[in-house]
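See below for the structure under consideration.
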Amino acid sequence: MKPRDLSDHVPYRAGRGITEVARELGLNPDDLHKLSSNENPFGPSPRAVEAIVDAAESVHTYPKAAHTDLVEALAETWALDPVQVWLTPGGDGFLDYLARAFLDSGDRVLVPEPGFAYYAMSAHYRDAGVDQYHLSKHDGFEQTAETILEAYDDHRIIYVTTPHNPSGSEMTLDEIETLTETTNEDTLVVVDEAYGEFTSNSSARQLLDERDDVAVLRTFSKAYGLAGLRLGYGLVPRAWASAYERVNTPFAVNAPACYAGLAALDDDDHVERTVETVHWARTYIRETLGAPTWESGGNFVLAEVGNAKDVTEQAQRKGTIIRDCTSFGLSECIRVSCGTKETTTRAVATLNEVLDG
């Protein structure tokens, strides 16, 4: 017996963890600093940790009340009706739910290249076809409606990432609105704002009040530091928000994650500290690293270093884990996550030592 043909599915390649790298290189994990997965360098909010501990004694019950409370809190945060908030297991869970709700076999979606592999994966799971629009390194990975529309052919879903991973480029709200106004009424524009807390640009949430062809992805993994709990959510138009009840996996988001999310939403100081440090680190990396970089709206910086695999391996042996972007089709680039002032300074010094040869 064999599974169905999965040859078109390109696996998502996550950044390697400290334990994995330390074991392979025979190093002490305490001597390694990981700046490869765009995680929060300060960890989760202390309030979130306390909420997780408190929730431990009740994990024998299903998370209905916790789920409802978090949805209501997010709805208040975004000035939406609770039905317009789709709570999901990670941001990728929201992509799955949209694919269930919108894609039939034979439909086609349009994804950025380079970009997040799971856009295509979630479409392939529904037997949908995948086309690409190209973000050019030579144009600074500029994102415009025109760039996307050149590849558009009545696709069912278009995926936009802003800030974009791995480049950090952004698509303005005006350009997103132009895209939605130009595409046909049966095309859904999904705006992935996983790194939205790190930019001053306006969220596409503003478009939901008047349009029914936009959905916005957000996550607790980055600024809130809850990546290990897999907690994400989507903001959707009221017109089809009730579809959630038909595509949601029963009790998909666990109770500790819900309680942690509630606590994290309440800890403004933790998020502000994180965002301020990211802004400092982005500037420091771009001004100090001895390699060309691109301006970034996320909590990372993309740099061109020549042989990314070689630079990444050398940096790891010196105690700094950064992301080789070969899996994004950028074999000459690395992505450096924003760490604390201490870890960012060390990472840049290590990379400059490697680059100087």
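Counted as qualifying within region 259-357 are the helices (runs of 4 or more DSSP H) with 3 or more residues that are within 27 Å of Ala48 (Cβ to Cβ) and at pLDDT 95 or above, namely 268-288, 341-356. Just one of the listed residues (Thr288, Thr293) is hydroxyl-bearing (Ser, Thr, Tyr), within 23 Å of the chain's Cα centre (by Cα) and outside the structural domain of Ser200 (by TED's automatic domain parsing), namely Thr293. Selection over region 166-204 of residues that are under 19 Å from Leu95 (Cβ atoms), among the small types (Gly, Ala, Ser) and in contact (Cβ under 8 Å) with a residue 60 or more places away in the chain gives a count of 1. A residue that is touching a residue at least 60 places away in the same chain (Cβ under 8 Å) and surrounded by fewer than 20 Cβ atoms within 10 Å (Cβ to Cβ) cannot be found anywhere in region 147-162. The residue that is surrounded by the fewest Cβ atoms within 10 Å (Cβ to Cβ), counting only those in region 265-300 that are aliphatic (A, V, I, L, M) and more than 29 Å from Arg47 (Cα to Cα), is Ala291. Just wondering, is there one or more residues in region 46-69 that are of a type outside the set (S, T, N, Q), over 30 Å from Lys137 (Cβ atoms), crowded, with 18+ Cβ neighbours inside 10 Å and out of contact with any helix residue (DSSP H, G or I) (no Cβ under 7 Å at 6 or more places or on another chain)? Within region 46-69 (the criterion being of a type outside the set (S, T, N, Q), over 30 Å from Lys137 (Cβ atoms), crowded, with 18+ Cβ neighbours inside 10 Å and out of contact with any helix residue (DSSP H, G or I) (no Cβ under 7 Å at 6 or more places or on another chain)), the answer is no, since none of the residues qualifies. The condition (being assigned to a helix (DSSP H, G or I) and either touching a His at 6+ places or on another chain (Cβ under 8 Å) or among the charged types (D, E, K, R) (or both)) is satisfied by just one residue among Glu170, Glu76, Glu142: Glu76.
Here Tyr62 meets each of (1) at pLDDT 75 or above; (2) in contact with a strand residue (DSSP E or B) (Cβ under 7 Å, 6 or more places away or on another chain); (3) part of a loop (DSSP other than H, G, I, E, B) with one exception, condition (2).
The residue list Val71, Val111, Val83 contains one member that is part of a strand (DSSP E or B), out of contact with any Gly (no Cβ under 7 Å at 6 or more places or on another chain) and modelled with pLDDT of 95 or more, which is Val111. Remark: pairs (first residue in region 131-145, under 20 Å from Leu173 (Cα atoms); second residue among the charged types (D, E, K, R) and modelled with pLDDT of 95 or more; Cβ separation under 6 Å; 6+ apart in sequence or on different chains) = His134/Glu113; Thr144/Glu175; Ala145/Glu175.
The values are calculated or read from the model by the stated rules, or taken from the named source; none is laboratory data. Every value quoted in this text rests on a predicted model; they were computed, and no experiment measured them. With ideal geometry, Cβ positions are generated from the backbone for all residues, glycine too; neighbour counts draw on all protein chains shown.
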